[in-house]
Amino acid sequence: MSKNTALTEHHIALGAKMVPFAGFNMPVQYSGINDEHETVRKGVGVFDVSHMGEFIVKGEGALALLQKVSSNDVSKLYDGKVQYAYLPNEDGGIVDDFLTYRIDENTYFLVVNASNIEKDWQWISKYNTAGVEMKNISDQTSLFAVQGPKAAEALQALTDIELAPMEYYTFAKGTFAGVENVLISATGYTGAGGFEIYVANEDAQKVWDAIFEAGASFGIKPIGLGARDTLRLEMGFCLYGNDIDDTTSPLAAGLGWVTKFTKDFVNSANLKAQKEAGVPQKIVGFEMIDRGIARHDYQIVDDAGEVIGRVTSGTQSPSLKKSIGLGYVNNAFTKEGTEFFILIRNQKVRAKVTKPPFVK
């Protein structure tokens, strides 16, 4: 049984095609993936991503707890700053990737993937030996991602927070669409710029309606999870469950940049040893040279047909009009421009390594 978000009925009324995703009933598309994709790349669109999880971690030991479970250095955050990281497990894999927002020196707001809410909560709780206050507010919180180059202009009438100058990965709290205590962050998963807006469920419809009213003259549209996937893939952003999971080495996944060995965290000694020894495979972006779409779990082979890796994400890029993907390959095949083949229905289809983002 899929859970509903605060606006599920509204999406159905808008004519969205609904699908079960991460345990929720979610809109996958409205007008069509290509049209929605284009809207976000060139104008402004709104995703209801209220299925995502939100935790509050607060009190004197909050920083120490987060330093233990996060791969990144949480002490580098300041009030109003956001940080991307992952939760390493004890076996060399990834519990989840997530965002940490520093509200103040003793209060942090975490945003986790919908499919991992329970798992992440249990994981962080396991290390919470000092009794730090933790609150799971996922079920009371709605999240709208307003994405695209026209987002700041479209939303500015709704708030006195200056949106255009907000730096990437910063946030502010204030009044938005007449609702107090709304958190607005300059984050997103599309590479098109924009904001993520966190509101209490009871204010969700009011805020959604205000966004659409303010954005009407900018051609604003609702956008589903289908275009969310094509947009994030054009940027080369990993999706938990596809490109990274409990068995994936974060170093092989290209997450070395958020792995800070200046502190001790879960499994850090093993990851450090792995970094020094080197990993046998790494994630790469690729584009198809020959016709064909690479899909999740398709095999990647060399000229002789030997398996050298596997595809983790693949799609037809609406912006580039060609097929792109992400996958793990043996180190000898990771250099940009290297050619290999994707096995599609037992046929070898030519592809080449391309460094993301695919859309500059």
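The values are calculated or read from the model by the stated rules, or taken from the named source; none is laboratory data. These numbers come from a predicted model, not from an experiment. Note that we place each Cβ from the backbone using ideal geometry, even for glycine, and neighbour counts take in every protein chain shown. Heads up: the accessible areas ignore ligands, DNA and RNA and are worked out on the full protein's heavy atoms, side chains in. Shrake-Rupley method; radii C 1.70, N 1.55, O 1.52, S 1.80 Å.
Structure above, values below:
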quantity: Neighbourhood charge, 10 Å Cβ-Cβ cut-off, centred on Ile220 and excluding it, Lys, Arg +1 and Asp, Glu -1; calculated: +1
quantity: GluC sites (Glu not before Pro) restricted to DSSP loop in region 257-334 with at most 16 other C-beta within 10 Å; calculated: Glu306
quantity: Virtual paramagnetic centre 7 Å along Cα→Cβ of Lys17, amide N under 19 Å, in region 229-251; calculated: 229-233
quantity: Nearest-0.05 FRET efficiency for Ala332 and Thr262, computed from C-beta distance (R0 30 Å); calculated: 0.40
quantity: Environment charge at Lys76 (Cβ cut-off 14 Å; Lys +1, Arg +1, Asp -1, Glu -1); calculated: +1
quantity: Whole-number accessible area per residue in Å² for region 117-193, which is evaluated in the context of all protein chains at 1.4 Å; calculated: 46
quantity: Accessible surface of region 131-288 [probe 1.4 Å, protein heavy atoms]: carbon and sulfur percent; calculated: 51
quantity: Ordering of 103-110, 76-83 by packing [mean C-beta count within 10 Å, highest first]; calculated: 103-110, 76-83
quantity: Helix-only [θ]222 nm of the chain, DSSP H runs n ≥ 4, -39500 (n - 2.57) each, per residue, nearest 500; calculated: -5500 deg cm²/dmol
quantity: Counting DSSP beta bridges with both ends in the chain, the antiparallel % (nearest 5); calculated: 95
quantity: Qualifying GluC sites (Glu not before Pro) for region 32-90 [loop in DSSP, other Cβ within 10 Å: at most 13]; calculated: Glu60, Glu90
quantity: Alpha-carbon centroids, region 237-303 and region 104-122: separation in whole Å; calculated: 23
quantity: Net length gained if the chain between Thr107 and Ala200 were fully extended (0.36 nm per residue, minus Cα distance); calculated: 31.6 nm
quantity: Val132 - accessible surface, heavy atoms, 1.4 Å probe, Å² rounded to 10; calculated: 20
